[in-house]
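The next block holds one structure in the form of C-alpha cells; read it before the comments.
The values are calculated or read from the model by the stated rules, or taken from the named source; none is laboratory data. These figures come from a predicted structure and were not determined experimentally. Quick reminder, even Gly has a Cβ in these numbers, built from the backbone with ideal geometry, and neighbours come from all protein chains shown.
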Amino acid sequence: MDFDLIIFDCDGVLVDSEIISNVLLRDALARNGLDMTLQDVIETYVGRSMLSVVKISEKLLERPLPDDFLEKLQSDTFNEFRKKLKAVKGVKDVLRILQEKQIKYCVASSGTFEKMDITLGLTELKEFFDDHIYNTSQVKRGKPYPDLFLYAAEQMQVEPAKCLVIEDSLPGVQAAVNAGMEVMAYSVRGNDDKLKKAGGLVINDMGQVIEHIFN
C-alpha cells in the first residue's frame, strides 16, 4: 500500500449535499439579481469557501450582497439538510475498512466547522473522525491552493507524497495536485473530463477507493 493517510473532502464526497446546497444558492442569488443555471452555480462555486462564493458573486453583480446573505442562506441550507441529507452511497463501508486496517484518515473541507458538525452528525459519519476535521479557516488560502491539504497532512504527521485525497470538485482536485498528493475524483455530475484533465483519477463508485488503496 502506497498511502499512509486518506484525506476526504466533505460535501459531495462524504455527504450528498451538493445538489441541495447549490439549488438553494442558485435561488438566493436569483433573489439578489444574479440569474444562473444550476450547472453554472455548480461549475462556478463548488469546492470553494462561502467567503469566496460571496466575493465571486459580488464581482459578477458589481455590487455588494446584503449583509445577512450568508446567514439566511445557511439557515435555509441547514433546514433542508435536516429533511433530506444522506451519506454518499458506499462511503460508510470505506470508512469502516480504513478503521479495521488502521489506516489514518481525516476530513479537509472548504465548509465551516458548524456546517460539518451538522452534516456529519445527521449522516452518522462524525463518529468516524474524532477531532481529525480541518477546514479553510485554519489556513491562509482555500482550494485550489494546496494550503488546506498540506495543513491536514502536517496535523496527521504524514508526508504529502504518502497522502491520497478523495475529492469531487475541480478546485479540490487542483488543490490536491498542487499539494503533491494523489487524488481520486468522485464524479456523479458528468464533469469527468475536467476532473481528469486537472489530474484526478476519476471514479463513480466509492468502492473503487478501497480497490485503489489495496491494489
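Looking at region 52-64, I want the residues that are without any contact (Cβ under 8 Å) to a residue 12 or more places away in the chain and have a partner that is in a helix (DSSP H, G or I) with Cβ atoms under 8 Å, at least 6 apart or on another chain. Which pairs are those?
Filtered contacts from region 52-64: Pro64/Glu58.
Run Val13 past the list (1) outside any helix (DSSP H, G or I); (2) without any contact (Cβ under 8 Å) to a residue 40 or more places away in the chain; (3) under 16 Å from the mean Cα position of the chain (by Cα) and report the number of the one that doesn't hold.
(2)
Does region 123-146 hold any residues that are in a helix (DSSP H, G or I) and surrounded by fewer than 19 Cβ atoms within 10 Å (Cβ to Cβ), and which are they?
Selection gives Lys126, Glu127, Ser137, Gln138.
Give the residues of region 174-197 that are among the small types (Gly, Ala, Ser), within 16 Å of the chain's Cα centre (by Cα) and closer than 18 Å to Gln39 by Cβ, sorted by residue number.
The answer is Ala185, Ser187.
Out of (1) at pLDDT below 95; (2) assigned to a strand (DSSP E or B); (3) among the aliphatic types (A, V, I, L, M), what's the single condition that is false for Met184?
If we test Met184 against (1) at pLDDT below 95; (2) assigned to a strand (DSSP E or B); (3) among the aliphatic types (A, V, I, L, M), just (1) comes out false.
For Leu29, state whether it is assigned to a helix (DSSP H, G or I), over 16 Å from the mean Cα position of the chain (by Cα) and under 19 Å from Ser137 (Cβ atoms).
no
Going through region 164-186 one residue at a time, which ones are out of contact with any Lys or Arg (no Cβ under 9 Å at 6 or more places or on another chain) and either surrounded by 21 or more Cβ atoms within 10 Å (Cβ to Cβ) or in contact (Cβ under 8 Å) with a residue 40 or more places away in the chain (or both)?
Leu164, Val165, Ile166, Ala179, Glu182, Val183, Met184, Tyr186 - these are the residues of region 164-186 that are out of contact with any Lys or Arg (no Cβ under 9 Å at 6 or more places or on another chain) and either surrounded by 21 or more Cβ atoms within 10 Å (Cβ to Cβ) or in contact (Cβ under 8 Å) with a residue 40 or more places away in the chain (or both).
Based on this model, can you work out whether Glu58 counts as touching a Pro at 6+ places or on another chain (Cβ under 8 Å), part of a helix (DSSP H, G or I) and modelled with pLDDT of 95 or more?
Answer is yes for this residue.
Starting from residues that are without any contact (Cβ under 8 Å) to a residue 60 or more places away in the chain and assigned to a helix (DSSP H, G or I), keep the ones in region 147-162 and report whichever is surrounded by the most Cβ atoms within 10 Å (Cβ to Cβ).
Looking at residues that are without any contact (Cβ under 8 Å) to a residue 60 or more places away in the chain and assigned to a helix (DSSP H, G or I), I get Leu148.
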